[in-house]
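Reviewing the structure listed below.
The values are calculated or read from the model by the stated rules, or taken from the named source; none is laboratory data. The shown structure was predicted, so the numbers you read here are calculated from the model rather than taken from an experiment. Neighbour counts are summed over all protein chains in view; Cβ atoms, including those assigned to glycine, are modelled from backbone coordinates with ideal geometry. We work out accessible area using only protein heavy atoms, side chains counted, and drop any ligands, DNA or RNA first. Shrake-Rupley method; radii C 1.70, N 1.55, O 1.52, S 1.80 Å.
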Amino acid sequence: MGFSAKATKYLLISGYCILWGINSATAADSSQLIRLNQGWNAQQRSDYYWGSQGSALISYDIYLALQLAGSNELFNSAAHADKVGLLMDPPDLKNNPDNLPIGISKTVVPSGQFTGVYMGMTCAACHTGQVQYQGKQIRIDGGAANRFNLIAWIKSLSDSLNATVSDSDRFQALLKNIQKTNPSINEKELKERLQKDADVVNAQVKYSFVLPSLPGPGRVDALESIHNYLMGIQTGILSNVYPSIAPVKPPFLWNAPQSAWVQWSGIAQNPLRRNFGESLGVFARYDLKSPTPEQGLFDGTNDIRGQVKLEHLLKLLAPPQW
């Protein structure tokens, strides 16, 4: 089957950019952004970029107000997103009022032991590609995020939280930032919540991503990290933790809903089962320690409705022309 001249051009450009890693995604480049025709309208694209699956890594107000370790720069800055390889989109007050990077979501848990508002991660973080050629940014929805360095991102989050826990001046800066939108915030409660969030992220760094060597951008051993989180951290049985020694490129997502297998490793046929597991891998909270369900066992933050919505969106996603 032959390619059109336009498709061939994009194929050569994207191959060149991926080979050499030329795909910067700074906010300054947003005016040069080219969106491919992949079957989504603007609202559907936004729903994919920031729609929650139930990931609940740290408190949302802490995330927005947190400063980077050793700096006054906010963790949620476009510059930091670019440094760790997360993509940014032009400002969108309706769908992304807090200017989150693509793939970082807001999760609201209305009831249960995890009641609260959290920052989490969604599938767009690892499954949205972008390449740069002659100053133009070519966005590839559902493609591999070959710039995103998940390990660098979560380690920088851990360092920033720990620095704020240990430094009273940095904590006061966090408190003042939060008070801009929530003047009644309780300082003692915030300090306790900050410590709990730091403990959650530190456990992820220490046990979910057990790495003999760093995989670098665009590579992650997702299956092993999910196993370590669920069977090690969540159960408290740390002997279940194994090294993440098989980092691979995240797969593209177009045509996945139409395939017999929805996991490239051939271990899952049901997309919702796969998505439930993936949400655990990107930091949904889940109780495997309480004695009984009445006491909280199996309680979690997974957003099944959100996962179904995202799966329906993927059914509409078309591959790039090439």
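Can you name the condition, by its number, that residue 284 falls short on among (1) open to solvent by less than 50 Å² (accessible area, probe 1.4 Å); (2) touching a helix residue (DSSP H, G or I) at 6+ places or on another chain (Cβ under 8 Å); (3) closer than 21 Å to residue 154 by Cα?
(2)
Among (1) open to solvent by 50 Å² or more (accessible area, probe 1.4 Å); (2) in contact with a Ser or Thr (Cβ under 8 Å, 6 or more places away or on another chain); (3) modelled with pLDDT under 95; (4) not small (Gly, Ala, Ser), there is one condition residue 117 misses while meeting the rest; what is its number?
Unmet condition: (3).
Let me spell it out: the conditions are (1) of a type in the set (Ser, Thr, Tyr); (2) outside any helix (DSSP H, G or I); (3) at pLDDT 95 or above, and residue 156 meets all of them except one. Which number is the exception?
(2)
Taking residue 172 as meeting all but one of (1) in a loop (DSSP other than H, G, I, E, B); (2) within 17 Å of residue 67 (Cβ to Cβ); (3) without any contact (Cβ under 8 Å) to a residue 24 or more places away in the chain, write down the number of the exception.
Evaluating residue 172 over (1) in a loop (DSSP other than H, G, I, E, B); (2) within 17 Å of residue 67 (Cβ to Cβ); (3) without any contact (Cβ under 8 Å) to a residue 24 or more places away in the chain leaves (1) as the failure.
When region 190-204 is examined, which residues are found to be open to solvent by 40 Å² or more (accessible area, probe 1.4 Å) and either charged (D, E, K, R) or modelled with pLDDT under 95 (or both)? Don't jump to the end; show me each part of the working.
So in region 190-204, the residues open to solvent by 40 Å² or more (accessible area, probe 1.4 Å) come out as 191-193, 195-196, 199-200, 202.
Matches in region 190-204: 191, 192, 193, 196, 199.
Any idea which residue in region 124-140 is nearest to residue 281 (Cα to Cα), counting only those that are in a strand (DSSP E or B) and open to solvent by less than 30 Å² (accessible area, probe 1.4 Å)?
Once the filter is applied, the top-ranked residue is 128.
Within region 207-224, identify whether any single residue is closer than 20 Å to residue 52 by Cα and either part of a helix (DSSP H, G or I) or not polar (S, T, N, Q) (or both), and answer yes or no.
Yes, because at least one residue in region 207-224 is closer than 20 Å to residue 52 by Cα and either part of a helix (DSSP H, G or I) or not polar (S, T, N, Q) (or both).
Quick one: is residue 101 surrounded by fewer than 18 Cβ atoms within 10 Å (Cβ to Cβ) and either farther than 30 Å from residue 297 by Cβ or hydroxyl-bearing (Ser, Thr, Tyr) (or both)?
In short, no.
Take region 167-184 and flag every residue that is among the β-branched types (Val, Ile, Thr) and crowded, with 16+ Cβ neighbours inside 10 Å.
Answer for region 167-184, where residues must be among the β-branched types (Val, Ile, Thr) and crowded, with 16+ Cβ neighbours inside 10 Å: just 178.
Of all residues in region 300-322, how many are open to solvent by less than 50 Å² (accessible area, probe 1.4 Å) and in a loop (DSSP other than H, G, I, E, B)?
Result for region 300-322: 5.
So residue 315 clears everything in (1) in contact (Cβ under 8 Å) with a residue 24 or more places away in the chain; (2) under 20 Å from the mean Cα position of the chain (by Cα); (3) over 22 Å from residue 226 (Cα atoms) except one condition, right? Which one?
Status for residue 315: all satisfied but (2).
Hey, does region 240-259 have a residue that's closer than 18 Å to residue 49 by Cβ and not in a loop (DSSP other than H, G, I, E, B)?
No: zero hits.
Out of everything in region 229-253 that is under 19 Å from the mean Cα position of the chain (by Cα) and touching a residue at least 40 places away in the same chain (Cβ under 8 Å), what residue ends up being surrounded by the fewest Cβ atoms within 10 Å (Cβ to Cβ)?
Out of the qualifying residues, it is 249.
For region 65-76, give me each residue that is under 15 Å from the mean Cα position of the chain (by Cα) and surrounded by fewer than 21 Cβ atoms within 10 Å (Cβ to Cβ).
76
Out of 124, 79, I need the residue that is under 20 Å from residue 43 (Cα atoms) and touching a residue at least 24 places away in the same chain (Cβ under 8 Å). Which one?
The conditions single out 124.
List the number of the failed condition for residue 10; all other conditions in (1) at pLDDT below 95; (2) surrounded by 15 or more Cβ atoms within 10 Å (Cβ to Cβ); (3) among the aromatic types (Phe, Trp, Tyr); (4) assigned to a loop (DSSP other than H, G, I, E, B) hold.
(4)
Under the condition of being in contact (Cβ under 8 Å) with a residue 12 or more places away in the chain, among the small types (Gly, Ala, Ser) and farther than 30 Å from residue 39 by Cα, which residue from region 141-166 is surrounded by the fewest Cβ atoms within 10 Å (Cβ to Cβ)?
152
Is there any pair linking a residue in region 51-64 that is closer than 22 Å to residue 127 by Cα and crowded, with 22+ Cβ neighbours inside 10 Å to one that is at pLDDT 95 or above and of a type in the set (Phe, Trp, Tyr), with Cβ under 6 Å and at least six apart or on different chains, and which?
From region 51-64, the pairs are 56/118.
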